[in-house]
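Encoded as structure tokens, the structure appears first; notes follow it.
Where a number appears in this text, it was derived from the coordinates with a stated rule and is not lab data. Not measured: the values here are computed from a predicted model. Here the Cβ positions follow ideal geometry from the backbone for every residue, glycine too, while neighbour counts run over all protein chains shown.
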Amino acid sequence: MQVQESGLQKDLPHSTQSSTSSLNTRQEKHLETLIARYTKRTQTSKQLTQTYRPVLADVRGSAGFRSAIKEMVYPIVGKRAFGSRMWDVDGNEYIDLIMGFGVNLFGHNPPFIQEAIAERLEQGIHIGPQSDIAGEVAELICELTGMERVTISNTGTEAVMTALRLARAATGRDKIALFSGSYHGHFDGTLAKVQKVDETLQTVPKALGVPQNIIADILVLEYGNPQSLEIIKAHEQELAAVIVEPVQNSRPDLQPKEFLQQLRQLTQESGIVLIFDEMLTGFRIHPGGAQAWFGIEADIATYGKIVGGGMPIGIIAGKATYMDRIDGGMWNYGDESLPQVKTTLFAGTYCKHPLAMAAARAVLKYLKIQGPTLQQNLNERTSQFIKTLNTYFEEDKVPIRLANFGSIFNSVPLGKSASSDNSASAKNMDLIYYHLIDRGIFIKSGGGLLSTAHTDEDLDCIVQAVKDSVKELREGGFLP
């Protein structure tokens with residue numbers, strides 16, 4: 001069950017994909033009851049989705065479409081949010097486990113960020129002149145991450161795109177290696193996967209509209225597999241960069257420290273740029289991100305989400321030898337110095353947006369003051385929360401297992417030893433996310449994230465909602 005930013009996208013069991021005709025009477029009744037209850041509770045979200053479907057092309061409007069659950073396929077439309085809670089347009093209150101897909105480390109609308117944005121808004125949104133606090137933001141990022149220089153963009157996708165361009169510009173090479181299961185935004189140049197074609201494995205586009213030639217220089221490898229290092233070694237003269245999510249959102253149980261250490265050594269020896277994509281792990285697992293956690297220094301790292309405080313932002317940070325390709329490198333006034341490095345193209349009207357800079361400065365100053373204790377406490381609370389749920393799943397023979405990396409958690413495979421009955425039940429458990437939303441737990445398929453705003457009472461409510469949902473699924477014949 002893989003997390004997708006567009007919502008509940010995991011397949012339902014085969015028996016519910018085309019119609020309800022293949023369900024037994026007990027299961028049909030369960031679905032009818034759930035759909036009636038769910039759609040009544042969230043009727044305005046459904047109405048708005050249908051009203052604007054002709055004009056709003058929105059992936060969330062049809063994410064997870066299956067005929068059997070068609071009437072529930074629509075996004076919950078939010079109205080307001082504060083702390084660990086969110087309220088939808090029907091007035092329903094939810095404990096939020098999506099948390100802005102990783103943005104809201106401190107919960108929704110924390111006062112220190114709200115005040116910073118309000119103060120800046122009073123001064124006007126001046127786009128054109130340089131932001132008066134962009135330099136301070138860059139300085140704080142360098143201080144927390146240990147990087148030498150910083151460039152600021154608008155999104156994570158832009159940051160990754162720029163990082164790859166910098167690597168290619170610095171090395172003069174074209175090929176990029178990435179790993180299956182990772183997500184590096186929706187830039188065409190990273191939308192590749194491995195697929196068997198005519199009995200051989202080939203790199204092919206991951207989505208319609210991505211030309212084969214765009215991903216021709218992409219190697220897609222298996223994360224954590226030592227054989228991947230051998231393939232990188234074989235292509236060392238062609239590779240500009242290896243980009244990696246140190247811990248993949250979809251597999252938080254896969255934390256291959258030794259593999260990463262070997263990857264760092266190999267790329268260093270081969271002159272290959274090592275890029276850490278820290279959109280989710282940056283500032284969340286540790287103030288210095290996954291690099292500090294694993295004790296590995298990447299050449300370039302990309303950040304976003306948390307550091308923007310809710311405002312759109314992307315960060316490219318790295319060693320000066322690569323970041324100098326943005327502006328030509330260091331030079332001074334009053335002497336004969338000048339830019340020495342040949343540059344590549346980087347641009348964006350909204351880069352260093354005044355509101356994003358105000359929010360980022362507030363976030364970074366707060367993280368600096370709080371120190372690593374903030375992340376340590378949240379990591380420990382999340383681990384205990386996941387342990388509580390896994391203990392229940394095991395004792396009650398529920399075919400779900402969760403894993404976490406700090407405050408990020410997701411469901412993970414049960415393993416090859418799982419029986420076919422358990423495997424089928426695990427697929428049926430996708431209905432649990434509709435049950436949880438119906439019970440006031442806002443969650444995406446697979447897992448979610450905790451914030452510092454979540455209370456012990458919140459976590460107790462979530463655990464109880466999970467138990468109640470499992471009980472109802474069993475009564476409906478979807479679990480043994």
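Some notes on this structure:
- Each of Arg149, Arg37 was scored by other Cβ atoms within 10 Å of its Cβ. Listed from fewest to most, they are Arg37, Arg149.
- Positive dipole terminus of the chain, leading residue within Gln262, Ile215, Thr171 (C-beta point charges): Ile215
- Our coupling estimate for segment 463-476, obtained by passing each phi through the Karplus curve with A = 6.51, B = -1.76, C = 1.60 and θ = phi - 60°, is 4, 5, 5, 5, 4, 5, 5, 4, 4, 5, 5, 5, 5, x Hz, Gly and Pro reported as x.
- Taking 13 Å as the cut-off, the amide N atoms of segment 286-319 that come nearer than this to a point 7 Å along the Cα-to-beta-carbon line of Gln376 belong to 286-287.
- Candidate cross-link partners of Lys257 among the aspartates and glutamates, defined by an alpha-carbon separation under 13 Å and a same-chain spacing of 8 or more, comprise Glu245, Glu297.
- Relative contact order of segment 124-244, defined on C-alpha pairs under 8 angstrom at six or more residues apart (%): 28 percent
- Placing unit charges on the Cβ atoms of the charged side chains and taking the dipole of the chain about its Cα centre, the candidate lying farthest along the positive direction among Phe65, Asn332, Leu450 is Phe65.
- Gain on full stretching of the segment that runs from Gln340 to Glu71 - 0.36 nm per residue minus C-alpha separation: 90.7 nm
- Placing +1 on the Cβ of every Lys and Arg and -1 on the Cβ of every Asp and Glu, with nothing else charged, gives segment 111-371 a dipole about its Cα centre of roughly 340 debye.
- For segment 111-371, alpha-carbon Rg and Dmax in angstrom: 18.9, 65
- Between Gln195 and Arg37, the FRET efficiency estimated from the beta carbon spacing at R0 = 56 angstrom works out to 0.90.
- Residues Thr203, Thr281, Thr145 arranged by fewest to most Cβ contacts within 10 Å: Thr203, Thr145, Thr281
- Cβ crowding within 10 Å ranks Trp87, Trp331 as Trp331, Trp87, fewest other Cβ atoms first.
- Under 17 Å from the Cα of Lys365 - aspartates and glutamates, other chains or at least 8 residues apart: Glu115, Glu119, Asp132, Glu136, Glu139, Glu143
- Global geometry of segment 251-322, whether rounded, prolate or oblate, following the gyration tensor of its Cα atoms and the 1.5 cut on a/c: oblate
- In a simple Cβ point-charge model (Lys, Arg +1; Asp, Glu -1; nothing else charged), segment 328-480 has a dipole of about 440 debye relative to its Cα centre.
- Cα gyration tensor shape of segment 150-277, rounded if a/c is under 1.5, else prolate or oblate by comparing a/b with b/c: rounded
- The simple Förster model, with R0 at 56 Å and r as the Cβ-Cβ distance, assigns Asp327 and Asn390 a FRET efficiency of 0.70.
- Partner lysines for Lys397 [C-alpha distance under 18 Å; skip if fewer than 8 residues away on the same chain]: Lys387, Lys416, Lys427, Lys467, Lys471
- Using alpha-carbon coordinates, inclination of helix 111-122 to the longest axis of the chain, degrees: 60 degrees
- Entry note, the chain: the mean residue ellipticity at 222 nm calculated from DSSP H runs of n ≥ 4, each adding -39500 (n - 2.57), is -12000 deg cm²/dmol after division by the residues and rounding to the nearest 500.
- Per-pair calculated FRET efficiency, R0 = 45 Å: Glu475 and Gln130 via Cβ, rounded to 0.05: 0.15
- Modelled this way, with points 7 Å down the Cα-to-C-beta line, the labels at His235 and Ala57 are 3.1 nm from one another.
- Ranked by the mean number of other Cβ atoms within 10 Å of their residues, highest first, the peptides 263-269, 166-172, 297-303 come out as 297-303, 166-172, 263-269.
- Considering only Gly124, Thr162, Asn104, and ranking their Cα positions along the charge dipole of the chain that arises from unit charges at the beta-carbon of Lys, Arg, Asp and Glu, the one farthest toward the positive end is Asn104.
- Between 0 and 90°, nearest 10: helix 373-395 axis offset from the chain longest Cα axis: 30 degrees
- All other residues whose Cβ lies under 9 angstrom from that of Ser407 are scored, Lys and Arg at +1 and Asp and Glu at -1, for a net of +2.
- Cross-link pairs Lys305/Lys368; Lys70/Lys193; Lys46/Lys79; Lys46/Lys444; Lys233/Lys319 - those with Cα-Cα distance over 21 Å: Lys70/Lys193; Lys233/Lys319
- Mean Cβ neighbour count within 10 Å, used as a protection proxy, ranking 221-233, 153-165 highest first: 153-165, 221-233
- Rounded to the nearest angstrom and listed largest first, the equivalent-ellipsoid semi-axes of the chain from its Cα gyration tensor are 39, 28, 21.
- Rounded to the nearest 20 debye, the dipole magnitude of the chain is 1080 debye, with +1 charges on Lys and Arg beta carbons, -1 on Asp and Glu beta carbons, and the Cα centre as origin.
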